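Novice: What follows is a structure written as structure tokens; I'll ask about it next.
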Amino acid sequence: AAPPPTEAAQPSGFAPEPGQEFLQVAAVGRDEALAVADVLHAKGFRAHAIAKPGNTKIYRVLIGPVRDAADLSTTRDALRKTGFREVIVQKY
């Protein structure tokens with residue numbers, strides 16, 4: 001089940017599962033990643049700040065997991081309307 005949009009963006013409170021896909025909107029320092037995830041949570045996105053595998057100084061801001069191609073497309077469009085132009089797919 002997907003976490004509710006109100007779940008706090010905690011880097012240690014969420015771990016992607018193998019096979020899940022996410023949309024990544026940023027790769028920044030921890031504090032900035034948490035701030036971006038909080039803003040996206042407030043806008044209704046399932047946002048998470050996750051340490052990049054192998055590099056704990058960089059945090060990815062991930063949206064999802066996305067359920068299918070339609071969910072990915074709809075979510076990407078919503079993110080673009082919010083101002084996130086560079087959205088990439090991350091598969092775990």
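The values are calculated or read from the model by the stated rules, or taken from the named source; none is laboratory data. Keep in mind that what you see is a predicted model, and the values were worked out from it rather than measured. No Cβ is skipped: glycine too gets one built from the backbone with ideal geometry, and neighbour counts run over all protein chains shown. Protein only, heavy atoms only, side chains kept; ligands, DNA and RNA dropped before computing areas. Shrake-Rupley method; radii C 1.70, N 1.55, O 1.52, S 1.80 Å.
Novice: For the chain, what does the relative contact order come out to in percent, with C-alpha contacts under 8 Å and a separation of six or more? Before the final figure, lay out each step's value.
Specialist: Numbers: 162 pairs, mean separation 34.6, N = 92.
About 38 percent, as a whole number.
Novice: Kindly sort Tyr92, Tyr59 by accessible area of their heavy atoms, largest first, with the probe set to 1.4 Å.
Specialist: Tyr92, Tyr59
Novice: Another one. In what sequence, largest accessible area first, do Arg60, Arg30, Arg67 appear using a 1.4 Å probe?
Specialist: The residues order as Arg67, Arg30, Arg60, largest area first.
Novice: Using 0.36 nm times the number of residues separating Asp38 and Asp68, minus their current alpha carbon distance, what extension gain do you get? Write out the running numbers ahead of the final one.
Specialist: Working: separation 30, 0.36 × 30 = 10.80 nm, distance 2.42 nm.
Here the answer is 8.4 nm.
Novice: Can you figure out the FRET efficiency of Ala51 with Arg85, using R₀ = 25 Å and their beta-carbon distance, to the nearest 0.05? All intermediate terms of the calculation are to be shown ahead of the outcome.
Specialist: On the way: r = 24 Å, r/R0 = 0.96.
Given R0 = 25 Å and the Cβ-Cβ separation, E is 0.55.
Novice: Work out the charge dipole of the chain with +1 on the Cβ of Lys and Arg and -1 on the Cβ of Asp and Glu about the Cα centre, then indicate which of Ala33, Phe84, Pro18 is farthest towards its positive end.
Specialist: Farthest towards the positive end: Phe84.
Novice: How would you rank 76-88, 35-47, 17-29, highest first, on the average number of other Cβ atoms within 10 Å across their residues? Before the final figure, lay out each step's value.
Specialist: Numbers: 76-88: 13.0, 35-47: 18.4, 17-29: 16.2.
Order by mean packing, descending: 35-47, 17-29, 76-88.
Novice: Still on this structure, I have one more. With +1 on the Cβ of every Lys and Arg and -1 on the Cβ of every Asp and Glu, and nothing else charged, how large is the dipole of the chain about its Cα centre, in debye rounded to the nearest 20? Intermediate results must be reported in sequence, preceding the final value.
Specialist: Working: 12 positive and 10 negative charges, 42 e Å.
It works out to roughly 200 debye.
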